[in-house]
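As structure tokens, the structure follows; a few thoughts come after it.
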There are 2 protein chains.
Amino acid sequence: MKPTVHDIARSAGVSLATVDRVLNGRPGVRHVTRERVEQAISSLGYVRDVAAANLAKGRTYSFVFVLPNYDNSFMIGIRDEVHAAISRSGAERTQIRIVEVPPFDAAALADALNHIVPDRPDGVAFVAVEGLEVHAAVAGLKDAGIAVVTLVSDLPGSERDHFAGIDNHAAGRTAANLLGRFTGGRDGRIAVIAGSMLVRDHRERLEGFLAVMGESFARLDVLPVMEARDNPALTAEVVSAALGRYPDIIGLYSLGAGNRGMLHALREVAREARPVVVAHELTATTRAALSHDLIDAVLNQDAGHEVRSAIRVLKGKVEGLSVIAAQERIRIDIFLKDNMP
Amino acid sequence: MKPTVHDIARSAGVSLATVDRVLNGRPGVRHVTRERVEQAISSLGYVRDVAAANLAKGRTYSFVFVLPNYDNSFMIGIRDEVHAAISRSGAERTQIRIVEVPPFDAAALADALNHIVPDRPDGVAFVAVEGLEVHAAVAGLKDAGIAVVTLVSDLPGSERDHFAGIDNHAAGRTAANLLGRFTGGRDGRIAVIAGSMLVRDHRERLEGFLAVMGESFARLDVLPVMEARDNPALTAEVVSAALGRYPDIIGLYSLGAGNRGMLHALREVAREARPVVVAHELTATTRAALSHDLIDAVLNQDAGHEVRSAIRVLKGKVEGLSVIAAQERIRIDIFLKDNMP
DNA sequence: CAGTTTCTGAGGTACGTAAATCAGAAAATC
DNA sequence: GATTTTCTGATTTACGTACCTCAGAAACTG
């Protein structure tokens, strides 16, 4: 059956201690001996029994999740999922801590990350905000040998090990494709409402959206993006104003988290005059709007999947294991009212 | 830190052996003592360390996957995923065996399931075909204490523990919704091509499709479903004939696995006269067709997710553990050319 | 060649649980 | 009251790995 360290020791003609030294990269093994052991390992197809190893080590992985204390439904969902993971953590030999930081604040985020280093956790997951200080903080974490994963929002060019989130550019393209087709050949204007162009996700979504609009739906006239900082009242106002000013708005793309406000504005429009609406993130709000035909499609990233994936990847990094790539790719879910989960 | 059996023994004032008897339902414990131990377990919040337990037991889970030797891309994908799981199984204390059966053959499937019982595996996953003998076979497996999961195609009303697959009714509804909207207000006919109405998945998809077509898109005239047993040549012929006979076909729903044949027929139609096409399962074929605008949307069930989910659920059943419901729900993925993974 | 350093082997303990054996206590039976 | 049965406790071994100590061998150093 499955070969053990004992089998390797016997096969290589060395003692168990030497095998252990080779396996765990400890010093005190001559080069030739090390090679003999490695030869035996690969020829027997030995794989370390992670469960037994963890038991022996008594190791519990310690991870820190740095999350913005931003109270939109999606971020609340992320926090809930982390808490769910924490409640399961007993059985999974993981200890997870949440650190909250103010949203959209690179300095505060970098500060929080820097403060984590002395605790020497095994891994850190955080929602990235762009900024040189954040890049530096990531480098600091990596220098301390801490695994780093970005969550929801990425930090390309940094030393992070992995990004657990969606391709926002592709999400924007998908939104454009849906909106273009759902408007069904009619001409008209398209309004885009965003939170802030300072946030990478929103910017990327817009880029993708505009690209496809230009390529495939030239008949549609995309209005300049409206930024309303995901604030419900402001969003409602801005959307209302746009709909009033341009009666030929036949499509609306809400790429941020301002859905509540947007819906408020939409309800004031007569049913048959309502534009086609594509929004992001399946929450109680968007779910209800989907079933009442106020929103036509919702693009979603599965918060549970993202959080679980981040944890799996962190564990994998710590153990030096490979991950199942397909399992860790976060999909851009499209929900119509008929395929809501 | 995490309480162990030793802590419980101490807290309940009994020996380790007694705790073990209670934990593993072994006889030889007085009622009052058992209660004292259970009290200690719940008050300390003890959870058994599954890794340590498996190590001690030396247990390896043995599962059997019963799959049709049906060579469409999707089933090949399922088999590949099972093989991938097998190759990982060393590290996961699982031993997985594949049994192949002829497709759409209830008697052969039941026979295969019955033959598995004497091997006494811990769990069985199979692609269901309807039939009384299959229900009986499932009952036989359950009587033998074997966990049973249906994969891709369900067997409602049977004693199976879980279904790892999508809601095909909802998939059909989603297809109708997409097709209805993508045809953009135009009138015309819709053609539906299926494998066989004898297969539950196909039947359910059609039901859902027709329901939404009737509810929301009365302007579209759905032609009687064409069955071509997922045979490429036959499918091509049937689709070609339909497109020739009804020039006003503006939408096509391929709910089975006959995509290759359907695409062959579609390529003979001038680009601008092509209908809107919704198909199932993201394979190399449909993926290419999506990027070349031959297919407009693909509904997909993630084979990898289904297989991994089936294994997780089987393990959970054997261990008497609960599963993360959200993680085990197989989504109906919608892929446009922009959000293909 | 004695002394030092580097390598290797042997052996043990530990992790948390399962499972077995054996002995003693309590309860039931004769 | 002696015997049997049922319950309970104590103790031990095992699973596969990690990690520690100690001793001795081999290889270098001066």
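The values are calculated or read from the model by the stated rules, or taken from the named source; none is laboratory data. Keep in mind it's a predicted model, so treat the numbers as computed, not measured. Positions of Cβ are generated from backbone atoms using ideal geometry, with glycine treated the same way; all protein chains shown enter the neighbour counts. These accessible areas exclude ligands, DNA and RNA; they are computed on the full protein's heavy atoms, side chains included. Shrake-Rupley method; radii C 1.70, N 1.55, O 1.52, S 1.80 Å.
Can you tell me how many residues within segment B:192-221 are without any contact (Cβ under 8 Å) to a residue 40 or more places away in the chain and open to solvent by 40 Å² or more (accessible area, probe 1.4 Å)?
Within segment B:192-221, residues that are without any contact (Cβ under 8 Å) to a residue 40 or more places away in the chain and open to solvent by 40 Å² or more (accessible area, probe 1.4 Å) number 9.
Give the number of residues within segment B:204-247 that are part of a helix (DSSP H, G or I) and not small (Gly, Ala, Ser). Give the steps one after another, and end with the answer.
Kept after step one, since they are part of a helix (DSSP H, G or I), are these residues of segment B:204-247: B:204-216, B:232-245.
Filter once more, so that each one left must be not small (Gly, Ala, Ser): B:204-207, B:209-210, B:212-213, B:215, B:232, B:234-235, B:237-239, B:243, B:245.
Total meeting the criteria: 17.
Looking at segment B:295-329, which of its residues are surrounded by fewer than 20 Cβ atoms within 10 Å (Cβ to Cβ) and more than 9 Å from chain A (Cβ to nearest Cβ)?
B:Arg312, B:Gly316, B:Lys317, B:Val318, B:Glu319, B:Gly320, B:Ser322, B:Val323, B:Ala325, B:Glu328
Are there any pairs, at least 6 apart or on different chains, whose C-beta atoms fall under 7 Å, with the first in segment A:143-162 and part of a loop (DSSP other than H, G, I, E, B) and the second open to solvent by 20 Å² or more (accessible area, probe 1.4 Å) and aromatic (Phe, Trp, Tyr), and if so, which?
From residues that are part of a loop (DSSP other than H, G, I, E, B), the pairs are A:Asp154/A:Phe163.
Please list, ordered by residue number, the helices (runs of 4 or more DSSP H) wholly in segment B:1-105 having 2 or more residues that are of a type in the set (Asp, Glu) and more than 10 Å from chain A (Cβ to nearest Cβ).
Details: elements: B:5-12, B:16-23, B:31-44, B:50-57, B:73-88.
The helices (runs of 4 or more DSSP H) meeting that bar are B:31-44.
From (1) within 14 Å of chain B (Cβ to nearest Cβ); (2) more than 8 Å from DNA strand D (Cβ to nearest atom), pick out the condition that doesn't hold for A:Leu109.
(1)
Of the conditions (1) assigned to a helix (DSSP H, G or I); (2) open to solvent by 10 Å² or more (accessible area, probe 1.4 Å), A:Ile250 clears all except one; give me its number.
For A:Ile250, the exception is condition (1).
Can you tell which of A:Asp161, A:Asp167 is within 14 Å of chain B (Cβ to nearest Cβ) and either surrounded by fewer than 23 Cβ atoms within 10 Å (Cβ to Cβ) or modelled with pLDDT under 95 (or both)?
A:Asp167
Looking at the structure I just gave you, is B:Gly123 within 23 Å of B:Ile166 (Cα to Cα), crowded, with 21+ Cβ neighbours inside 10 Å, modelled with pLDDT of 85 or more and away from DNA strand C (no atom under 16 Å from the Cβ)?
So B:Gly123 passes the test.
Would you point out which residue out of A:Arg26, A:Arg21 is within 11 Å of DNA strand D (Cβ to nearest atom), more than 25 Å from B:Ser89 (Cβ to Cβ) and touching a Gly at 6+ places or on another chain (Cβ under 7 Å)?
One residue alone meets the criteria, A:Arg21.
Could you please let me know if B:Arg93 is within 10 Å of DNA strand D (Cβ to nearest atom) and within 21 Å of B:Ala164 (Cβ to Cβ)?
yes
Could you say which residue among A:Val82, A:Val19, A:Val64 is near DNA strand C (Cβ under 10 Å from one of its atoms), surrounded by 13 or more Cβ atoms within 10 Å (Cβ to Cβ) and at pLDDT 85 or above? Talk me through it step by step, then tell me what you get.
Values: A:Val82 fails: near DNA strand C (Cβ under 10 Å from one of its atoms); A:Val64 fails: near DNA strand C (Cβ under 10 Å from one of its atoms).
Selected residue: A:Val19, the only one of A:Val82, A:Val19, A:Val64 that is near DNA strand C (Cβ under 10 Å from one of its atoms), surrounded by 13 or more Cβ atoms within 10 Å (Cβ to Cβ) and at pLDDT 85 or above.
Given the conditions (1) within 14 Å of chain A (Cβ to nearest Cβ); (2) closer than 22 Å to A:Asn177 by Cα; (3) open to solvent by less than 20 Å² (accessible area, probe 1.4 Å), report the number of the one that B:Asp187 does not fulfil.
Here B:Asp187 meets the rest and fails (3).
Going by the conditions given, is A:Gly58 within 27 Å of B:Gly45 (Cα to Cα) and open to solvent by 40 Å² or more (accessible area, probe 1.4 Å)?
Answer is yes for this residue.
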